[in-house]
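Working notes, structure below.
The values are calculated or read from the model by the stated rules, or taken from the named source; none is laboratory data. All of these numbers come straight from a predicted model, not from anything done at the bench. Note that each Cβ is placed from the backbone with ideal geometry, even for glycine, and that neighbours are counted across all protein chains shown. Please note that ligands, DNA and RNA were not included when accessible areas were found on the heavy atoms of the full protein model with its side chains. Shrake-Rupley method; radii C 1.70, N 1.55, O 1.52, S 1.80 Å.
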Amino acid sequence: GIRIRLTGIAGCLLTNIMYVHPNVGSVFALLCFAAVALGGLGSVPGAMLGAVLIGEAEALGGLLVGPAFKYMIVYLLYIGVLVWRPRGLMGW
């Protein structure tokens, strides 16, 4: 349905900024899992909040600390929140 079409459009747009190789999706899949787990599994608003927080941490971490460390900042945020709240920010 519509999800498959949107995924195809996102993949086509992604080729404009990234090289195409078999492992290109693993980085995005790991970030998406981190966003969902950060917000709380089973909570759609939590997943949206987690995605916004991860996006901001990635952008600010790349700007302030350095582009090589942006994913480290994201995963430190992820680990820190899950140590503080193991079920995520909006988890039950």
Query raised in the report: Contour minus end-to-end for GLU56 and ALA68, with contour as 0.36 nm per residue of separation and end-to-end as the Cα-Cα distance?
Result: 2.7 nm
Requested in this report: For every helix of n ≥ 4 consecutive DSSP H residues, a contribution of -39,500 (n - 2.57) applies; sum these over the chain, divide by its total residues, and give [θ] at 222 nm rounded to the nearest 500 deg cm²/dmol.
Outcome: -23500 deg cm²/dmol
Query raised in the report: So what J values fall out for the range 42-52 if you push phi through Karplus, 6.51 cos²θ - 1.76 cosθ + 1.60 with θ = phi - 60°, rounded to Hz, Gly and Pro as x?
Result: x, 10, 5, x, x, 5, 5, 5, x, 5, 5
Query raised in the report: Given H placed on each backbone N at 1.01 Å, which residues far from LEU89 in sequence or on other chains put an amide H within less than 5 Å of it?
Result: GLY39, GLY40
Query - Candidate values [x] 14.4, 41; [y] 12.7, 40; [z] 12.6, 36, label of the one derived for Rg and Dmax of the Cα atoms in Å - result: [x]
Query - Spacing of the two label points (7 Å from each Cα toward its C-beta) at PHE33 and MET48, in nm - result: 2.5
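Before I look further, what does the chain give for accessible area per residue, probe 1.4 Å, in whole square angstrom?
73
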Report task. Can you send over the carbon and sulfur percentage of the accessible area for the chain, probe radius 1.4 Å, protein chains only? Result -> 75
